[in-house]
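A.B. asks: Just dropping this structure here.
The values are calculated or read from the model by the stated rules, or taken from the named source; none is laboratory data. Every value quoted in this text rests on a predicted model; they were computed, and no experiment measured them. As a convention, Cβ positions derive from the backbone with ideal geometry for all residues, glycine included, and neighbour counts pool all protein chains shown.
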Amino acid sequence: MLDAPARTRFARNRSALAGAAVVALLVAFALVGPLLASHGALESDFARGVAPDAMPVGPSAAFPLGADRIFRDVFARLAVAGRLSLLVAVSATLIASAIGAFVGIVAGYYEGTRQHLPWPAAVGLVGALGAVASGCTRLAIGALIAGTTASLLRRFGGPRLDVDGLLMRTVDVMLAFPFLLLVMAIGAALDRTSAVTLFVILGATGWMGIARVLRARTMQVRSLDYVAASRALGQPPGSVMFKHVLPNVAGPLIVSATVLVAQMIVADSVLSYLGLGIAPPTPTWGRMLFEGQDYYSTAPWLVAAPATAILLAVWGFNMLGEGLRDAIDPHEA
Amino acid sequence: MVWGVVSIVFVVSSLLPGDPARMVAGAQARPADVARIRRQLGLGDPAMVQYARFWKRLLHLGPRVIDVEADSAHDTCAVILPLGGSAVHIDFGKSFQKRQSVVDLVSTRLPRTLALALAGMVLQLLLGLTSGVFAATRRGSWLDGLLVGSSLLGISTPTFLTALLLQYVFARGLGWLPIDGFGATLGEHARCLVLPALTLGMYGAAYYTRLVRDEMVVLLQQDWVRTARAKGLSPGRVVLRHGLRNALVPIVTAVGLDFGALMGGAVVTETVFRWPGLGELSVKAMLDRDGPVIVACVIVSSVMIVGANVLVDAAYARLDPRVGHSRP
Amino acid sequence: MRSILTKPDTPGPSLALCALVLLGAPLGCDTTLPFPVASAHSEDSPPRRGGTLHLATYGDLRSGIDPASGTDQSLGPIHLVFAGLVDYDGSARVVPDLADHWAVDDGGRTYRFVLRVGVIMHDGAELTADDVKRSAERALHPSTPDPNASYFANIAGYEAYAAGRADHLAGVVVEGRYVVAFHLAKPDSTFPYLLAMHTLRPTCRSAGDRYSDAWLACGAGPFELPPSGWRRGTSLRLVRHPGYFRPGEPYLDAVEWTFNMKALAQRVRFERGELDLARELTDGDTARFMADARWRPLGTVEADTSIYGESMNTRMAPFDNLEIRRAVAAAIDREHLRMVQPSRMSVLTQALPKALWDDPSFAGQGYDYPAALQHMKKAGYPFDPVTGTGGWTEPIEYLLFDQGLDVYTAQLVQQDLAKVGLRLRLHLVSYSAFLTLQERADASAMSQGNWMLDYPDPSSIFDPLFTTEAIASEGSFNTAFYSNPRFDELAARAHLEADAAVRRALYREANAILCDQAPWAFTFGHHNFDVRQAYVHGFAPHPVGPLDVSGVWLDRAGEALERALGGGLR
């Protein structure tokens, strides 16, 4: 998708370049920063980190960005946190965007129709779900999932399946499920504080918005002349979706994804409210923000440092995303 | 669908580690006392029994007028549908922690969350749409950069930080608005609503700004728009009538999602501003494992989301004829 | 089509705006504190009547004010609305309150209380011995959600009553209009402490025989609850009980609590003089106030009322090894730990808070790095700090909940233990899961133990935490699963012993056993720290913890002017 003209367009876009530069800078900071810091990210320094009033020191020679509540170097922690925060945010966004795009495009494409669904495949899927569920000896969940799936299939199924209805009802159920409880349930089922749990939580809760937006957009794109033409010509749906629909919805997808990255980075601090996320002492920007809030007025560097990092990351990803969108699809101007 | 969600919630919350009776009794309560409280709360029964009991009580027929003193069987109910001599009662049970009818709790707090959600929604749309329109029409100028920048600031700041900032500037620094709370009179309610609504507004406006700006930028550069402008139609009319109208589909989608989420309760905002709504109730209930309250909040929020979806789908059909009609 | 004449987006303005707002905001906050609102008269002038005391808290009252169902959250209001037979004086001794005097008979098995005559309760009726018995039976009835009922298991007839086999509590006997006797199954010198707790405090006749959620609190305390005084989830207002049995008291017209208020809001309101006493300021704020010479005399340090330590499961590796436990106790630098919250934490080197045990000659535990390395070597897992090899090779699961101190102290302990070759892996769970897992026999190797004093006596700590009978496979308060027959014997004897000197010797030996055997590495004690306005007088901290404002009087400068102008400046 990023051919020569696209690359030229990107290169001429000043703010896209600035965005890319900022992101690169942050990545470099995350990788190299801890090596440059005078302290480790996990070491408390009681000799130099304590101010006369027994509070952590502010920005000073030994601690360029000040010390945190247990007298560790904020600069080093910020850099180490960058690794995890950026990694988690980008990965989770990719997961969520992929799921959301798939669901949204398929649902929008098949909206209003009913399709043949190979029954053996469906039964196999339900059976697999049930087996996984009862393998966990959570027979109750397994039975419930099987029951709900069966009832949905019966309602929307029959000889022909309303794919759009099924997918959108799944979206609705996911949206109606309280975020807190979902997050706590995932946290309890998996190990509460591993990075994988975090990916799953963020990915699982982030895709619904993208799916809905893309579904709406796909339904609009569906009626475009060349799309209708290629369908009439008998092109297989998968190919139509990939070659014609996807580029047309790439605009909102990229914008949504870049906004999602920002939300993912920030979501970490909200999860800290619930005691989820990466376990201490490993820092993430969101957790540093959460830990610093009580000290907003007495030790503002505890909040300003991660907030600035987050802001730069958000800004960078946004400009980058917008530049990519403009480069890929100039018709969108 | 509400049934499905609630059942899953029931199952999940009973499987989570943590003992509601212990949370009621306190950390230092002896096991014998915790066991007694557990029995009193009805948690000693097997899960299926509790589940069945819950659904049986949820909607049932009962006397038209509930006399709490005389008839303790209906002391946690509320009448929702009078039918001659009797009526349909709704009963969510009694909160473990607050020992109060959950129907009462929810019905007191629901209007407050509704008020906050609506106010937040209005501010989001106001800030978002106007910034988006301005940014789109003055694309490439410093104003565009400024508005995009502030929308980014909105997204990248978690709500508790925005709330803190707003409290610091407006309540502590300038003293124009109350720092938190709900107030006693209608006027006070309105004043206390400003900062929390603004917090939500600033956070959510960002998305609308970007959405509107992108949609409108596309539209404004199409030939027929240029023609209309060349013919002398004022830019304002063109922008509003044509540009905004077409951008409405994704906006409406987002509004629907948003409203549903807000009705689940803007947890952090309500907590920081001491706004006594459903969000504050549900997060405390989840941390304390207060089962009846959790289930009731889930029911309310799923009903709200389903309702919002229905409205959004209806709006789609009216707004964009292309969406409703094209079928392969 | 994108016109090449369109100016490309300039990144400048948006970035500049963001930077300005973000960095400018904290710089814009001022760091000077306002003057404390002055007192109209000096500290030694006689108490004045009048005024409302405004308090705020992060917590909430939840289910109401009732001694039969009170938990930690509601102790403050319960203490003001309900007076008990006995209470504490300033030096943590139990003194008569509603009782006029009491006598101990029958080898410590009977406590006979003679009530004051003419004590009027909030409903106007006089307090009699029948009220005491009725309130006790109401609190201890099996249908009452009382979290502390089993503390009174020693009262004769408790078992039958709690099982529902008896209609009345046989051990509480009314012997006259103003005389009531408590008969115990075994002699217990700590019984007066139990009576000083809130559970058995007398309630008005309107409370009836059985607990009910809808009852409006009514007792014999200095303050009463007006009908609309409790706005659920928002605020609580208590007003003076005009018939309080101590003449002239209480001085305050009313006490008002606001609930669910976060730290910043509390601080701002306190600075403006809208709150009169602040207990929950953050450490940063507390440090700022105490650094200011105008505010320093207005800070009050309360007594240590809770102990914290690292609880090691003596049945799980590696803590079934005594030397490793000793190594842990010696490896933790408690002075550093204290820095997490210096205004409220104090170093603890043995099992009892300083208020109960202040003996400089007592050895206890302590930070001694070389000794810690020695213990590791004796344990069979020597660690070489230079190369970082050796020690216990597997990571040790440390259970942790995300609330306040625990998170930070755990990270410091992790650093300290790494220096002797013990590598901790922090496992974060919710508070309710923490309680469940910590008290399960095989679920957690190490976690933070803490206990709040129920009453100012060593038995309040030793009995529930370290005796063998406190062990259970689920819900065990003995989170170290520690069992020592000699310790059990000492604790049991001290419970029965009446002579103070003998008890102290017994507890000294018990304490020494705990410090040496180290089921816990005792780390710090916790106390409350209050900052009050200059016009708040007569505040005397309660030895066991609830915020006790019954003796407070206000003397606000400008208050007369306020009233003259017709309304508060608030």
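A.B. asks: For the range B:176-187, check the following and say yes or no: at least one residue is within 9 Å of another protein chain (Cβ to nearest Cβ) and over 24 Å from C:Arg232 (Cα atoms).
C.D. replies: Looking through the range B:176-187, none of the residues is within 9 Å of another protein chain (Cβ to nearest Cβ) and over 24 Å from C:Arg232 (Cα atoms).
A.B. asks: Could you go through the range A:194-205 and let me know if any residue there is within 10 Å of another protein chain (Cβ to nearest Cβ), closer than 14 Å to A:Ala96 by Cβ and modelled with pLDDT under 80.
C.D. replies: So the first thing to find is which residues in the range A:194-205 are within 10 Å of another protein chain (Cβ to nearest Cβ), and the list is none.
Within the range A:194-205, not a single residue is within 10 Å of another protein chain (Cβ to nearest Cβ), closer than 14 Å to A:Ala96 by Cβ and modelled with pLDDT under 80.
A.B. asks: Out of all the residues in the range C:427-435, is one or more away from chain B (no Cβ under 14 Å), touching a helix residue (DSSP H, G or I) at 6+ places or on another chain (Cβ under 9 Å) and in a loop (DSSP other than H, G, I, E, B)?
C.D. replies: Going through the range C:427-435, the residues away from chain B (no Cβ under 14 Å) turn out to be none.
No, the range C:427-435 has no match at all.
A.B. asks: Name the residues in the range B:230-244 that are part of a helix (DSSP H, G or I) and either within 11 Å of chain A (Cβ to nearest Cβ) or modelled with pLDDT under 70 (or both), would you?
C.D. replies: Step one: list which residues in the range B:230-244 are part of a helix (DSSP H, G or I), which gives B:230, B:235-244.
Those that are part of a helix (DSSP H, G or I) and either within 11 Å of chain A (Cβ to nearest Cβ) or modelled with pLDDT under 70 (or both): B:Pro235, B:Gly236, B:Arg237, B:Val238, B:Val239, B:Leu240, B:His242, B:Gly243, B:Leu244.
Conditions (1) within 14 Å of chain B (Cβ to nearest Cβ); (2) surrounded by 19 or more Cβ atoms within 10 Å (Cβ to Cβ); (3) under 19 Å from C:Val86 (Cα atoms), marked per residue:
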site: C:Tyr158; (1), (2), (3): yes, yes, no
site: C:Tyr161; (1), (2), (3): yes, yes, no
site: C:Ala166; (1), (2), (3): no, no, no
site: C:Val174; (1), (2), (3): no, no, yes
site: C:Phe182; (1), (2), (3): no, yes, yes
site: C:Asp188; (1), (2), (3): no, yes, yes
site: C:Pro192; (1), (2), (3): no, yes, yes
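A.B. asks: Another question, if that's okay. C:Asp292 fails exactly one of the following numbered conditions: (1) touching a residue at least 24 places away in the same chain (Cβ under 8 Å); (2) crowded, with 18+ Cβ neighbours inside 10 Å; (3) within 14 Å of another protein chain (Cβ to nearest Cβ). What is the number of that condition?
C.D. replies: Looking at each condition in turn, C:Asp292 falls short on (2).
A.B. asks: Looking at (1) away from every other protein chain (no Cβ under 11 Å); (2) over 22 Å from A:Ala6 (Cβ atoms); (3) in contact with a helix residue (DSSP H, G or I) (Cβ under 8 Å, 6 or more places away or on another chain), which is the only condition A:Ala229 fails?
C.D. replies: Of (1) away from every other protein chain (no Cβ under 11 Å); (2) over 22 Å from A:Ala6 (Cβ atoms); (3) in contact with a helix residue (DSSP H, G or I) (Cβ under 8 Å, 6 or more places away or on another chain), only one is false for A:Ala229: (3).
A.B. asks: Now for a different question. For a quick check of your reading: which helices (runs of 4 or more DSSP H) sit entirely within the range B:1-109 and have at least 1 residues that are touching a residue at least 60 places away in the same chain (Cβ under 8 Å) and within 14 Å of chain C (Cβ to nearest Cβ)? It would help to see each step written out before you state the result.
C.D. replies: Values: elements: B:2-15, B:20-25, B:31-40, B:47-58.
Once the helices (runs of 4 or more DSSP H) in the range B:1-109 are filtered for at least 1 residues that are touching a residue at least 60 places away in the same chain (Cβ under 8 Å) and within 14 Å of chain C (Cβ to nearest Cβ), what remains is B:2-15, B:20-25.
A.B. asks: Could you grab me the full set of residues in the range A:5-20 that are among the small types (Gly, Ala, Ser) and touching a residue at least 60 places away in the same chain (Cβ under 8 Å)?
C.D. replies: Applying the first criterion (among the small types (Gly, Ala, Ser)) to the range A:5-20 yields A:6, A:11, A:15-16, A:18-20.
Answer for the range A:5-20, where residues must be among the small types (Gly, Ala, Ser) and touching a residue at least 60 places away in the same chain (Cβ under 8 Å): A:Ala6, A:Ser15, A:Ala16, A:Ala18, A:Gly19, A:Ala20.
A.B. asks: Which residues, counting only those in the range C:436-464, are more than 12 Å from chain B (Cβ to nearest Cβ), of a type in the set (S, T, N, Q) and assigned to a helix (DSSP H, G or I)?
C.D. replies: The answer is C:Ser459, and nothing else.
A.B. asks: Kindly check whether there is at least one residue in the range B:150-166 that is within 12 Å of chain C (Cβ to nearest Cβ), surrounded by fewer than 24 Cβ atoms within 10 Å (Cβ to Cβ) and more than 27 Å from B:Pro276 (Cβ to Cβ).
C.D. replies: So far as the range B:150-166 goes, yes, one or more of its residues are within 12 Å of chain C (Cβ to nearest Cβ), surrounded by fewer than 24 Cβ atoms within 10 Å (Cβ to Cβ) and more than 27 Å from B:Pro276 (Cβ to Cβ).
A.B. asks: Among the residues in the range A:106-124, are any at pLDDT 65 or above, surrounded by fewer than 15 Cβ atoms within 10 Å (Cβ to Cβ) and of a type in the set (A, V, I, L, M, F, W, C)?
C.D. replies: No - not one qualifying residue is present in the range A:106-124.
A.B. asks: Where the second residue is part of a loop (DSSP other than H, G, I, E, B) and the first is without any contact (Cβ under 8 Å) to a residue 24 or more places away in the chain and lies in the range C:127-146, which pairs have Cβ atoms under 9 Å and are six or more apart or on separate chains?
C.D. replies: Sorted first by the residue in the range C:127-146, then by its partner, the pairs are C:Pro142/C:Ala163; C:Pro142/C:Gly164.
A.B. asks: Search the range C:93-110 for residues being within 24 Å of C:Arg205 (Cα to Cα) and of a type outside the set (A, V, I, L, M, F, W, C), and hand back the single one that is surrounded by the most Cβ atoms within 10 Å (Cβ to Cβ).
C.D. replies: Residue satisfying both the conditions and the ranking: C:Asp97.
A.B. asks: To continue, here is another question. Got a number for residues in the range C:226-248 being more than 24 Å from the chain's Cα centre (by Cα) and in a loop (DSSP other than H, G, I, E, B)?
C.D. replies: Step one: filter the range C:226-248 for residues more than 24 Å from the chain's Cα centre (by Cα), giving C:226-229, C:231, C:239-248.
This time we only want the ones that are in a loop (DSSP other than H, G, I, E, B), so: C:226-229, C:241-248.
Total satisfying the criteria: 12.
A.B. asks: Check C:Ala480, C:Ala494 and return the single one that is crowded, with 23+ Cβ neighbours inside 10 Å, farther than 21 Å from C:Pro187 by Cβ and in contact (Cβ under 8 Å) with a residue 24 or more places away in the chain. Please lay out each step first, then the result.
C.D. replies: On the way: C:Ala494 fails: farther than 21 Å from C:Pro187 by Cβ.
After applying the criteria, what remains is C:Ala480.
A.B. asks: Could you figure out which of (1) away from chain B (no Cβ under 14 Å); (2) under 30 Å from C:Asp285 (Cβ atoms); (3) modelled with pLDDT of 90 or more isn't true of C:Thr110?
C.D. replies: (2)
A.B. asks: Now for a different question. Can you tell which of C:Leu281, C:Leu275 is modelled with pLDDT of 90 or more, part of a loop (DSSP other than H, G, I, E, B) and within 13 Å of another protein chain (Cβ to nearest Cβ)? Steps first, answer last, please.
C.D. replies: Details: C:Leu281 fails: modelled with pLDDT of 90 or more.
Only one candidate qualifies: C:Leu275.
A.B. asks: Can you tell me which condition C:Gly391 does not meet? The list is (1) away from chain B (no Cβ under 14 Å); (2) in contact with a Phe, Trp or Tyr (Cβ under 8 Å, 6 or more places away or on another chain); (3) at pLDDT 90 or above, and all the others hold.
C.D. replies: Among (1) away from chain B (no Cβ under 14 Å); (2) in contact with a Phe, Trp or Tyr (Cβ under 8 Å, 6 or more places away or on another chain); (3) at pLDDT 90 or above, the lone unmet condition for C:Gly391 is (3).
A.B. asks: I want to confirm something. Restricting to the range A:30-79 and keeping residues that are assigned to a loop (DSSP other than H, G, I, E, B) and of a type in the set (Asp, Glu), which single residue is nearest to the other protein chains (Cβ to nearest Cβ)? Spell out the reasoning first.
C.D. replies: Keep residues of the range A:30-79 that are assigned to a loop (DSSP other than H, G, I, E, B), which gives A:37-49, A:51-55, A:57-66, A:68-72.
From what is left, the residues that are of a type in the set (Asp, Glu) are A:43, A:45, A:53, A:68.
Details: A:Glu43: 7, A:Asp45: 10, A:Asp53: 5, A:Asp68: 10 Å.
Filtering first and then ranking leaves A:Asp53.
A.B. asks: Please determine whether any residue of the range B:117-140 is at pLDDT 80 or above, crowded, with 18+ Cβ neighbours inside 10 Å and among the basic types (Lys, Arg).
C.D. replies: The answer is no; no qualifying residue exists.
A.B. asks: Out of everything in the range C:402-414 that is more than 12 Å from chain B (Cβ to nearest Cβ) and out of contact with any strand residue (DSSP E or B) (no Cβ under 9 Å at 6 or more places or on another chain), what residue ends up being surrounded by the most Cβ atoms within 10 Å (Cβ to Cβ)?
C.D. replies: The initial filter retains those residues of the range C:402-414 that are more than 12 Å from chain B (Cβ to nearest Cβ), namely C:404-414.
Okay, now just the ones that are also out of contact with any strand residue (DSSP E or B) (no Cβ under 9 Å at 6 or more places or on another chain), so C:404, C:408, C:412.
Working: C:Gly404: 10, C:Tyr408: 20, C:Leu412: 23.
It comes out as C:Leu412.
A.B. asks: Here is a further query. Within the range B:40-47, identify whether any single residue is in contact with an Asp or Glu (Cβ under 6 Å, 6 or more places away or on another chain), crowded, with 17+ Cβ neighbours inside 10 Å and of a type outside the set (Phe, Trp, Tyr), and answer yes or no.
C.D. replies: As a first pass, look at the range B:40-47 and keep what is in contact with an Asp or Glu (Cβ under 6 Å, 6 or more places away or on another chain): none.
No - not one qualifying residue is present in the range B:40-47.
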